Every structure is written in C-alpha cells, then in structure tokens.
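Since the structure comes first, as structure tokens, the remarks are kept for the end.
Any read-out appearing in this document is the output of simple, stated calculations on the displayed coordinates, not a laboratory observation. On a predicted model such as this, the values are computed, not experimentally measured, just so you know. Counting neighbours? That spans all protein chains shown, and the Cβs are built from the backbone with ideal geometry, glycine included.
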Amino acid sequence: MADTTADTSGAGRAMVSATDAALDLLAEIKSRHGDDLLFHQSGGCCDGSAPMCFAASDYMVGPQDVCLGRIGSVPFYMNRDQHDRWKHTTLTIDAVAGMGGMFSLDNGTGRRFLTRSEVCL
C-alpha cells in the first residue's frame, strides 16, 4: 500500500492514505479531466458511503467539510459530523472493480473508489 502526502490530526498520524490501485485510477482520471480535482466522502443516500471524485469546479466545499489530507495531491474532504464518528481511524482509499457513483469521475472506468478503515478492512 502506498501512503501519500497527507495532512495530520491529533498525534501526527495520517488521516487518509491510498493504495497503489487507487493512485493508478486517480492518475487515469487526471489524464482525462486534469489535475484540479477533489474527493468528498459521501455520507450515504444515493451512492452509499463512497469516496466521490469531482472536478474542483463542480463541487462546492462548505464550512461543514473537513479536509483530512491529500491523496495523489488531491484534497480529500468529509462532512464534519461524519468526521467526528471516523476521526479515530485512518482511512485508506482503494480502487476495486465496479461502477463508480453517478456523479463521480470514476464512473465509466470499470473501477470505483472504496474507503477502508482500520476498523473495517
């Protein structure tokens, strides 16, 4: 697993990292859509609880969003309420076979991003 440049919280541990598979998928998305991207961990509803990748201009980060760090130079955000529940674990972003979220840039690639944690591997 490749750890990436990440912001830290608390005792200096990384809050988010990525596998090589996730970084490969992210590189493919960057080649199609450019480097100005962001991730937002959805909190449920239509696309479940999946990390969604957007063009930065297509998603408005709000004051309730927390930046957990960066994977492959792309910032990774999560809603503050969800962060309060997950802040005690490191999240690992992976890529697996499947269909991405309806509005996420991984849709149509045959792969999707998946969040794993120390609690749910």
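Some observations on this one:
- Sequence-distant residues sharing a close amide H with THR92 (under 5 Å, placed H): SER17, ARG116, SER117
- ³J(HN,Hα), Karplus 6.51/-1.76/1.60, whole Hz, each residue of the stretch 54-66, x for Gly, Pro: 10, 5, 4, 6, 9, 9, 9, 6, x, x, 8, 9, 10
- Student exercise, the stretch 25-121 dipole from Lys, Arg, Asp, Glu Cβ charges, in Debye to nearest 20: 160 debye
- Under 5 Å, built H, 5+ apart or other chain: amide partners of MET52: HIS40, GLN41, SER42
- ³J(HN,Hα), Karplus 6.51/-1.76/1.60, whole Hz, each residue of the stretch 95-106, x for Gly, Pro: 10, 9, 5, x, 9, x, x, 3, 9, 7, 5, 7
- Residues with amide H under 5 Å from that of ILE71, placed H, sequence gap 5 or more: PHE76
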